[in-house]
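Written below as structure tokens is the structure these notes are about.
The values are calculated or read from the model by the stated rules, or taken from the named source; none is laboratory data. Quick caveat, the model's predicted, so the values are computed rather than measured. Heads up, the Cβs are rebuilt from the backbone with ideal geometry, glycines too, and the neighbour counts pull from every protein chain shown. These accessible areas exclude ligands, DNA and RNA; they are computed on the full protein's heavy atoms, side chains included. Shrake-Rupley method; radii C 1.70, N 1.55, O 1.52, S 1.80 Å.
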Amino acid sequence: MQAISRRYPRLSPFLRTVAQRERERERERESDMAGVSLVCVPLVAKSVEQMLSEMATAKVRGADVVEIRLDHLASFEPRRDLDLLLRNRPLPALVTYRPKWEGGEYEGDDGRRFEALFLAMEFGADYVDIELKVAQEFLDYLSGKRQDRTKLIVSSHNYQSTPSTEDLSSLVARIQAVGADIVKIATTAVDIVDVARMFEVMVHCQVPMIGLVMGERGLISRILCPKFGGYLTFATLSVGKESAPGQPTLSDLLDIYNIKQIRADTKVYGIVGKPVGHSKGPILHGAAFRSVGYDAVYLPLLVDDFASFLHTYSSPDFAGFSVTMPHKEAALACSDEVDPIAKYIGAVNTLIKRPSDGKLIGYNTDYTGAISAIETTLQGSSGKVSAGSPLADKVFVVLGAGGAGKALAYGAKEKGARVVIANRTYERAKELANLVGGQAISLADLENFHPEEGMILANTTSIGMHPNIHDTPLSKQALKSYALVFDAIYNPVVTRLLREAEELGVTIVTGMEMFIRQAMGQFELFTGLPAPEKLMRDTLLSIQ
């Protein structure tokens, strides 16, 4: 533009106006993107043609950036291939040529890598990534030929652990000192509390920073990237195309976690458990939050030590949690106040952080979800509508004496049922039976337990849950005396226990029905709003 201005001086005012408008538009774009993290799709295909195809797919599916992983190409001709990959790219491109010693696939010398990355800059790459260990050598190689239009990402990867906050801060300073435009640090989560240290460093970083914690326990670092000021996060086009452990898919990041709407003040909820990857809670609650315009995200939280997790994520923004196995009793112990029903049951499946004072309030929505599902089904199958509960005076057998077992036992007792507890460990069955004024038997004795016809059976154990779908807690023969069988498991929806009961003509209630009802109760506790029941049911049906 300056050359044109010198050649055509009369155009100078016009050109200055054009340049000014362009700068204003650029500032507007930057303002619009403030607080929004870019979503980058790594391309790990073996051929240039496949990378180009996946680049187009990433654009269509809503990615902001693609990472061209040159080290994954089966064969690579730098000038030809970079020209093909960058000339008509549909999205901004980050070029990475990761060596084996930093978790990549390239095993040659650094000279060839440096040459390829420099060529990528010449061809107009928007970003190039170089490892901290050789960053100064790379800059010396460029020797003043660095392209201003290409941002330099200097990266450090730790595949064993996440250092202390002080060590992470020191690492940021070292990367900045080299001359990075963008700092990138990727560590590994041994425990979910490790991620909090990365968040702390990201929030205080004075330059753009990519801070990610790898592994399933580090997944929240990838989703909450915008909340803590992260410049960029990675998501794969599909499962199996990850370039690092723990990367979510692009569709999950955009559609389930709604990452483009996450901001600094977005509230965080989640399902706390171990395991937790199978949970449908993020899909269900995420859709429900969006439907009512509630500014929140719901995450899977793989937690080892429940008390440590709560202590670390004590910020008011971490506003509430669903609690599943094996933490329901720990949640009770960690609550500052407990709803009387949850206290009686001895298990908490919902924790709310009270806004006024930050205290943790424990609730249990399991028992209402399960009992109401069983009652509704019994009334529907009998065709009778009575003033009292259809469970009154029924023999109600509860399999399992954990948190869900306690909830079912309490709920059945409140409805006037005669409660029987069956558990692998008889002592635990006896303890719960004494609590609810019921009877205790062992699982072995349950095989021949049929004092009367028309009993109710409720399985609250994990026997038959995915992946052990061929297991069942009770033989088919033993199910003949029951009028209704309920299974708290919802993955699979129809367990072997339910399938065999149905084959005998016994009425069944799936764990999905309990799940939707307890989730509705949790939603109302989380938000203070009525649960969007139809949307939540439709969402669950769509993912079964």
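Within the stretch 145-158, the set of residues being of a type outside the set (D, E, K, R) and open to solvent by 90 Å² or more (accessible area, probe 1.4 Å) is empty. When restricted to residues that are under 12 Å from LEU498 (Cα atoms), assigned to a strand (DSSP E or B) and either open to solvent by 20 Å² or more (accessible area, probe 1.4 Å) or not hydrophobic (A, V, I, L, M, F, W, C) (or both), the stretch 438-477 contains 1.
The lone criterion from (1) surrounded by fewer than 24 Cβ atoms within 10 Å (Cβ to Cβ); (2) on the phi < 0 side of the Ramachandran plot; (3) touching a residue at least 12 places away in the same chain (Cβ under 8 Å); (4) assigned to a loop (DSSP other than H, G, I, E, B) left unmet by GLY416 is number (2). Can you say whether VAL509 is open to solvent by 50 Å² or more (accessible area, probe 1.4 Å), within 26 Å of VAL272 (Cα to Cα) and in contact with a Ser or Thr (Cβ under 8 Å, 6 or more places away or on another chain), as far as the supplied structure shows? So VAL509 fails the test. When the residues of the stretch 244-273 are filtered to those that are under 22 Å from SER315 (Cβ atoms) and of a type in the set (D, E, K, R), the one that is most open to solvent (accessible area, probe 1.4 Å) is ASP265.
Considering the conditions (1) within 20 Å of LEU219 (Cα to Cα); (2) open to solvent by less than 10 Å² (accessible area, probe 1.4 Å); (3) of a type in the set (A, V, I, L, M, F, W, C), ALA331 is excluded by exactly one of them, (1). Residues that are modelled with pLDDT of 95 or more number at least 2 in the following helices (runs of 4 or more DSSP H) confined to the stretch 256-368: 281-292, 306-312, 328-334. Taking first residues from the stretch 219-242 that are over 17 Å from ASP129 (Cβ atoms) and at pLDDT below 95 and partners that are assigned to a loop (DSSP other than H, G, I, E, B) and open to solvent by less than 10 Å² (accessible area, probe 1.4 Å), the Cβ contacts under 9 Å between residues at least 6 apart in sequence or on separate chains come to LYS241/ALA45.
I need the full set of residues from the stretch 56-66 which are surrounded by 22 or more Cβ atoms within 10 Å (Cβ to Cβ) and farther than 16 Å from LYS260 by Cβ, in order please.
If we filter the stretch 56-66 for residues that are surrounded by 22 or more Cβ atoms within 10 Å (Cβ to Cβ), which is where we start, we get 58, 63, 66.
Once the filter is applied, which keeps residues that are surrounded by 22 or more Cβ atoms within 10 Å (Cβ to Cβ) and farther than 16 Å from LYS260 by Cβ, the stretch 56-66 yields only VAL66.
Considering the stretch 159-171 alone, what residues qualify as being open to solvent by less than 30 Å² (accessible area, probe 1.4 Å) and either in contact with a Gly (Cβ under 9 Å, 6 or more places away or on another chain) or under 18 Å from GLY215 (Cα atoms) (or both)? Scanning the stretch 159-171 gives THR162, LEU168. Each residue in the stretch 85-108 was checked for being at pLDDT below 95 and more than 26 Å from GLY62 (Cβ to Cβ), and 1 of them qualify.
Report whether or not LYS394 is buried (at least 19 other Cβ atoms within 10 Å of the Cβ), more than 27 Å from MET214 (Cα to Cα) and in contact (Cβ under 8 Å) with a residue 60 or more places away in the chain. Even if it seems obvious, please write down each step before you answer.
Values: buried (at least 19 other Cβ atoms within 10 Å of the Cβ): yes; more than 27 Å from MET214 (Cα to Cα): yes; in contact (Cβ under 8 Å) with a residue 60 or more places away in the chain: yes.
Judged against the criteria, LYS394 is a match.
Which residue out of ALA429, ALA392 is under 26 Å from MET512 (Cα atoms), in contact with a Ser or Thr (Cβ under 9 Å, 6 or more places away or on another chain) and in a helix (DSSP H, G or I)?
Numbers: ALA392 fails: in a helix (DSSP H, G or I).
Just a single option satisfies the conditions, and that option is ALA429.
In the stretch 493-515, what residues are modelled with pLDDT of 95 or more, in a helix (DSSP H, G or I) and of a type outside the set (D, E, K, R)? Those that are modelled with pLDDT of 95 or more, in a helix (DSSP H, G or I) and of a type outside the set (D, E, K, R): LEU497, LEU498, ALA501. Filtered by the rule that a residue be open to solvent by 10 Å² or more (accessible area, probe 1.4 Å), without any contact (Cβ under 8 Å) to a residue 40 or more places away in the chain and under 20 Å from ILE516 (Cβ atoms), the stretch 490-501 gives PRO492, VAL494. Counting only residues that are under 17 Å from ASP252 (Cα atoms) and in a loop (DSSP other than H, G, I, E, B), the stretch 189-226 holds 4 of them. Would a scan of the stretch 33-54 turn up a residue that is modelled with pLDDT under 95, of a type in the set (Val, Ile, Thr) and assigned to a helix (DSSP H, G or I)? No, there is no match, as no residue in the stretch 33-54 is modelled with pLDDT under 95, of a type in the set (Val, Ile, Thr) and assigned to a helix (DSSP H, G or I). Cβ separations smaller than 8 Å between residues 6+ apart or across chains give the following pairs from the stretch 290-318 residues that are open to solvent by 50 Å² or more (accessible area, probe 1.4 Å) to residues that are acidic (Asp, Glu): ASP295/ASP265; ASP304/ASP191; ASP305/ASP191.
Condition check ((1) farther than 22 Å from LEU301 by Cα; (2) surrounded by fewer than 18 Cβ atoms within 10 Å (Cβ to Cβ)) across all residues:
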site	(1), (2)
PRO355	no, yes
SER389	yes, no
ARG424	yes, yes
ARG428	yes, yes
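Scanning the stretch 173-188 for residues being open to solvent by 10 Å² or more (accessible area, probe 1.4 Å) and part of a helix (DSSP H, G or I) gives a total of 5. I need the full set of residues from the stretch 92-127 which are farther than 15 Å from LYS46 by Cα, open to solvent by less than 10 Å² (accessible area, probe 1.4 Å) and in a loop (DSSP other than H, G, I, E, B), in order please. The answer is ALA125, and nothing else.
Taking the numbered list (1) within 12 Å of ALA422 (Cβ to Cβ); (2) open to solvent by 30 Å² or more (accessible area, probe 1.4 Å); (3) not aromatic (Phe, Trp, Tyr) in turn, LYS480 passes all entries but (1).
Residues in the stretch 478-532 that are touching a strand residue (DSSP E or B) at 6+ places or on another chain (Cβ under 9 Å) and among the polar types (S, T, N, Q): SER481, THR495, THR507, THR510, GLN518, GLN522, THR527.
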